[in-house]
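The next block holds one structure in the form of structure tokens; read it before the comments.
The values are calculated or read from the model by the stated rules, or taken from the named source; none is laboratory data. All values derive from a computational prediction rather than experimental measurement. Cβ: placed from backbone, ideal geometry, glycine included. Neighbour counts: every protein chain shown. Keep in mind that these areas ignore ligands, DNA and RNA; they rest on the heavy atoms of the full protein, side chains included. Shrake-Rupley method; radii C 1.70, N 1.55, O 1.52, S 1.80 Å.
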Amino acid sequence: MTTINKITVLGSGVMGHGIAQVAATVGYNIVLRDIEQSFLDNAMKKIQWSLGKMVEKQKVSQSDADSIYGRITPVVDLKEALKGTDLLVEAVPEDMELKKKVYAEVDMYAEDKTVYASNTSTLPIGEMASLTSRPSRFIGLHFFNPPQLMPLVEVIPGHLTSSEMVNLSLDLIRNIGKEPVLCKKDVVGFIVNRIFIPLIHEAAYCLDRDKAEMTQIDSAVKFKMAFPMGIFELADYTGLDVVFKASKEMISRDKKVINPHPLIKRLYSEKKLGQKSGSGFYNYGSDNKYERVNLSEKEAEKYDPIAIVSVAANNAAWLLTNGVCDVGDLDKALRLGMGLKKPLFTIVEEFGLGKVLLTLENMSNKYGKFYEPDAYLRKIAS
Ligand code: 3HC
């Protein structure tokens, strides 16, 4: 019987520091590990800022915030970081070669009892698990940015993951105050990123094809599609390094999942990574501060985001056709992981299922097979 007391989070970036804070909030002792002290110092500053916000909004008291902060120990030495740990949560950048290197190193020091969990956003869990000393005790736990505010965690078993690990993970996620959704198949992008990442590329095509402005597209996504942010705004917020790496890994495994737009690669190459670097799709006032883009209902009226709705519907339909999740879990995942204010298929109905199908058919004729409507859409339309 595995019990989780001590957790080590590997990687102190946007996701790692947030996951550490979330688990420390409910009382777990956390080791936050990164390869340089300066990364850890930066992460601890972010945790302090976030806890400050929680105190300001009266979600926690100042003394609780101090205790949460005190439960997180930043450590550079990997051997020390893994000593006595029950659960390792790996949140290093999305690059299979890097992950392989990290797990090989982790395997040298981890104790037999340690469960491995990866916060990968897209990489196959089974493939990573099979590289380690404990494939049956390896699972995907995919948090959403910012982990402190987003309630969803996708739980993804690989083909070798034991059912004990699945149950342990579902309990753990509930214990840390989050809502799990079980991703029934280890597919590229899991549930949410299968929808989110392709939409960024599609929105970039809308700039070219419709000669629309970014704030018009984003306003339409926010006010007509019930998203809490525009899609370019969300990409900048997520980080274009994350988006580019996730896209690259996804495309290398499944050509049907994304219609890649060169702008994403260009912004990444130019180090325009979004809010974290001061510019991305948009320009920001200062590096690495929480900032929102000015979007309005008036701007939303200038653009019909039908292509974006249609691509979202098509990828969601693929998930349903392939038994990755059911409609209930799809809605839950998009509501809790991306803050959608309405179920996706309600949004599709508002735009018109017939119009969505026709859009996909026209786009498929014009731009290629990527847009071919999924069988599920044809079925519900008939
Ligand atoms: N900790 C504590 N507080 C935080 C915070 C954090 N990490 N980040 C932001 N805040 C604060 C802000 O400072 C702001 O407070 P303030 O007004 O006092 O400054 C408050 O939270 C948010 O208020 P807003 O009015 O700006 O925002 P919203 O009501 O829209 O909520 C949001 C913000 C929860 C981020 C919402 O916009 C949202 O859900 N956006 C979508 C996010 C999303 O889709 N995430 C998933 C991306 S995909 C992903 O992560 C997967 C990966 O694999 C790629």
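Has the stretch 147-158 got any residue that is open to solvent by 10 Å² or more (accessible area, probe 1.4 Å), in contact with a Ser or Thr (Cβ under 6 Å, 6 or more places away or on another chain) and within 13 Å of the ligand (Cβ to nearest atom)?
yes
Among (1) among the aliphatic types (A, V, I, L, M); (2) surrounded by fewer than 20 Cβ atoms within 10 Å (Cβ to Cβ); (3) in contact (Cβ under 8 Å) with a residue 60 or more places away in the chain, there is one condition Leu170 misses while meeting the rest; what is its number?
(3)
Out of everything in the stretch 218-258 that is over 19 Å from the mean Cα position of the chain (by Cα), more than 13 Å from the ligand (Cβ to nearest atom) and open to solvent by less than 50 Å² (accessible area, probe 1.4 Å), what residue ends up being farthest from Val311 (Cα to Cα)?
Going through the qualifying residues, I end up with Ser219.
Quick test of your reading of the structure: Asp287 fulfils all but one of (1) more than 13 Å from the ligand (Cβ to nearest atom); (2) modelled with pLDDT under 95; (3) not in a loop (DSSP other than H, G, I, E, B). Name the failing condition by number.
(3)
Kindly provide the set of residues from the stretch 63-114 that are β-branched (Val, Ile, Thr) and either without any contact (Cβ under 8 Å) to a residue 24 or more places away in the chain or in contact with a Phe, Trp or Tyr (Cβ under 8 Å, 6 or more places away or on another chain) (or both), ordered by number.
Applying the first criterion (β-branched (Val, Ile, Thr)) to the stretch 63-114 yields 68, 72-73, 75-76, 85, 89, 92, 102, 106, 114.
If the condition is that a residue be β-branched (Val, Ile, Thr) and either without any contact (Cβ under 8 Å) to a residue 24 or more places away in the chain or in contact with a Phe, Trp or Tyr (Cβ under 8 Å, 6 or more places away or on another chain) (or both), then Val106 is the only one that fits.
Looking only at the stretch 179-193, how many residues end up being more than 11 Å from the ligand (Cβ to nearest atom) and either touching a Phe, Trp or Tyr at 6+ places or on another chain (Cβ under 8 Å) or acidic (Asp, Glu) (or both)? First the steps, then the outcome.
Restricting attention to the stretch 179-193, the residues satisfying the condition of being more than 11 Å from the ligand (Cβ to nearest atom) are 179-188.
Narrowing further to those that are either touching a Phe, Trp or Tyr at 6+ places or on another chain (Cβ under 8 Å) or acidic (Asp, Glu) (or both): 179, 183, 186.
Of the residues in that region, 3 qualify.
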